[in-house]
Amino acid sequence: PAYLARLTDAVLDHKRVVMRYESFSSQAIKEYRIEPHRLLYGQGGLYLHAFVPLYGEMRTFAVERIKHLSTLDEVFEARADVGSDVFPHSMGVYSGRPEHVVLEFTAKMAPYVLEREWHHTQIVDRRPDGSVRLTLQVSVDWALRNWILSFGGDVRVVEPRPLAEQILDQLEEARRQYAPQLDFGAPDAPASAPASPAQRRLLRVK
């Protein structure tokens, strides 16, 4: 609460801030000198949208990961290029440069994909077999990866290749979390219980 009050004052008074912040990706605590522009609520948490002079760009920070915060007696000018759309390139509350992303959804999932706009850059291509190809210009971040994973086997990443590899790695990690725990040949397992398709696939993997 104390940090939130200081951040609110710094945003309103245009005061620079020095903070120690725990990065989720590197698990390291880094020190940042920032110009806070706004506080936002999204995806169940509070976020700080600030300009980082060291990187020359706007970045987003989760307030709960701030470990120390101090307000400097230095005033900055509000940036004119900070528009109303704070996260224009993200599927969530993240900042990043947009990339060309192409996804293919199965015919079963196509009606769900077609019924809404997922991002303002999307281009939809209906395929002859009933599947849908979705082209986006978005940042490849945590929000995008988790959105793709939420479709399970009904989506395939066509481009870019590094994103497809990241999704495959996460799917493999999920399989490793489940496969060793599921011993379908246990003596106390009901003999008459038929194995599900997922169980049969896991047995083949084992």
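Taking the condition of being open to solvent by less than 80 Å² (accessible area, probe 1.4 Å) and either without any contact (Cβ under 8 Å) to a residue 24 or more places away in the chain or under 20 Å from the mean Cα position of the chain (by Cα) (or both), how many residues in region 53-74 meet it?
The initial filter retains those residues of region 53-74 that are open to solvent by less than 80 Å² (accessible area, probe 1.4 Å), namely 53, 56-63, 65-66, 68-72, 74.
Next cut, either without any contact (Cβ under 8 Å) to a residue 24 or more places away in the chain or under 20 Å from the mean Cα position of the chain (by Cα) (or both) only: 53, 56-63, 65-66.
Summing the residues that are open to solvent by less than 80 Å² (accessible area, probe 1.4 Å) and either without any contact (Cβ under 8 Å) to a residue 24 or more places away in the chain or under 20 Å from the mean Cα position of the chain (by Cα) (or both) in region 53-74 gives 11.
Taken together, THR106, THR121 contain a single residue that is touching a residue at least 40 places away in the same chain (Cβ under 8 Å), more than 26 Å from SER23 (Cα to Cα), among the polar types (S, T, N, Q) and open to solvent by less than 60 Å² (accessible area, probe 1.4 Å), which is THR106. Applying a threshold of 7 Å to beta carbon distances and a minimum spacing of six or more residues, or different chains, the list of pairs starting in region 142-154 at a residue that is without any contact (Cβ under 8 Å) to a residue 40 or more places away in the chain and over 12 Å from SER90 (Cβ atoms) and ending at one that is open to solvent by less than 20 Å² (accessible area, probe 1.4 Å) and in a helix (DSSP H, G or I) reads LEU149/ILE167.
Look at ALA5 and say whether it is surrounded by 17 or more Cβ atoms within 10 Å (Cβ to Cβ) and either outside any loop (DSSP other than H, G, I, E, B) or among the aromatic types (Phe, Trp, Tyr) (or both). No, not satisfied.
Residues of region 11-30 that are in a helix (DSSP H, G or I) and either under 26 Å from the mean Cα position of the chain (by Cα) or surrounded by 15 or more Cβ atoms within 10 Å (Cβ to Cβ) (or both): VAL11 alone.
If you scan region 40-52, which residues turn out to be surrounded by fewer than 19 Cβ atoms within 10 Å (Cβ to Cβ), closer than 20 Å to ASP13 by Cβ and at pLDDT below 90? Let's see the steps before the verdict.
Just the residues of region 40-52 that are surrounded by fewer than 19 Cβ atoms within 10 Å (Cβ to Cβ), to begin with: 40-46, 52.
Within this subset, residues satisfying the condition of being closer than 20 Å to ASP13 by Cβ are 40, 46, 52.
Result: LEU40, LEU46.
Scoring PRO98 on the criteria (1) under 26 Å from HIS14 (Cα atoms); (2) open to solvent by 50 Å² or more (accessible area, probe 1.4 Å) leaves a single failure, condition (1).
The values are calculated or read from the model by the stated rules, or taken from the named source; none is laboratory data. Worth saying up front: this structure is predicted, and the values here are computed from it rather than measured. Virtual Cβ from ideal backbone geometry, glycine too; neighbours counted across all protein chains shown. Ligands, DNA and RNA are excluded from the accessible area calculation, which covers all protein heavy atoms including side chains. Shrake-Rupley method; radii C 1.70, N 1.55, O 1.52, S 1.80 Å.
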